[in-house]
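In what follows, a structure is listed as structure tokens, so that the remarks can point back to it.
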Amino acid sequence: MRPIGMKQIFNSVSIVVVALLGLCQAQLAFAQLNTFEAGQPIRASEMNHNFEVVQEQIEEISTSSIADAGCSATQQENSVLIECADGTTAVVPGYGTVLVYPEGEVGAPPDVATLASGDIVAVDADGVVLAKAAYNSSDWIAVYVDINGGESGGGETSLAKLVNDENQQSIYYGPVNFNGKLLYSKADCAGPIFIKGKGSLLWDSVSNTLYFPTTWDSRPQQTLMKSYRTTGGYNTAGNNPGIVQTGSCVNEDIFADNLFLGTAYTPAPEILNAAYPVRLEQLP
């Protein structure tokens with residue numbers, strides 16, 4: 001498509017006039033002019049602005065002041081050579097052809113005054129709010145798990161995962177990731193449970209118990225763990241999504257830091273009795 005409105009910015013007369021004005025030390029407001037490069041598309045409004053500024057300044061300069069400067073200007077192809085009586089010379093380069101494209105109009109922006117701006121939450125099929133959402137994937141929702149008011153209320157916060165199990169037409173609630181580790185300070189997975197980090201609940205399918213990583217105030221910088229079990233969860237990847245069971249006990253020495261106490265956790269009744277399917281909503 002051929003550009004519309006192609007024109008030569010400055011003809012030889014206008015170039016000469018502007019050049020003479022500069023040598024005459026006229027108060028031409030060059031700082032107000034928009035500058036362009038050869039072949040650069042510009043807006044019609046920018047072009048018109050330059051013409052208006054130049055025209056205003058020309059009208060303020062008298063013909064006698066130009067003559068008094070003792071200068072002459074000669075067109076040389078696309079440039080202008082200016083020579084003055086005091087021996088000084090200057091070359092004003094041409095601007096080339098600048099394309100002026102037509103501008104469209106932008107309508108009024110849409111009204112977003114009624115757009116919801118509250119928390120994004122997980123809601124079951126009955127409209128019951130289950131938890132505040134942290135983020136989501138295409139087939140599951142990560143939600144915050146708070147105890148004692150959560151971190152904002154002086155308590156603690158971790159994460160869990162809600163999955164719509166289409167085969168069972170039910171909702172799974174458990175750790176964000178499976179294949180975590182339940183750590184033990186004794187061999188054969190005996191004694192209290194420890195969790196490295198507090199990014200998510202962990203699930204032991206053997207006892208069907210969820211564990212919340214609670215703060216261990218007196219924990220040493222490093223602790224020697226003597227055994228572990230790989231945790232269970234819900235695998236949403238692959239062609240056969242479903243529940244992954246907890247692994248068998250492995251006796252192994254592990255230098256562990258950033259440990260938290262694995263404390264048994266029971267979800268709220270609203271989550272345990274949630275109606276399938278769960279979805280995301282944003283509160284007003």
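Derivation of every value follows stated rules applied to the coordinates shown; laboratory data play no part. It should be emphasised that the depicted structure is a prediction, and the values quoted were computed from it without experimental measurement. Cβ: placed from backbone, ideal geometry, glycine included. Neighbour counts: every protein chain shown.
Summary table
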read-out: In nm, spacing of pseudo-spin labels at N239 and T88 (7 Å Cα→C-beta vector); value: 8.4
read-out: Amide H partners (placed H, <5 Å) of G155, local residues excluded; value: G150
read-out: Compactness index (Cα Rg / 2.2 N^0.38 Å), region 111-153; value: 1.41
read-out: Sorted by Cβ density within 10 Å, fewest first, the residues V128, V112, V145, V123; value: V112, V128, V123, V145
read-out: Spin-label model distance (nm) - N48 vs A113, 7 Å beyond Cα toward Cβ; value: 3.3
read-out: Residues whose placed amide H lies under 5 Å from that of L33, excluding near-sequence neighbours; value: none
read-out: Packing-based exposure ordering (other Cβ within 10 Å, fewest first) of W216, W203, W140; value: W216, W140, W203
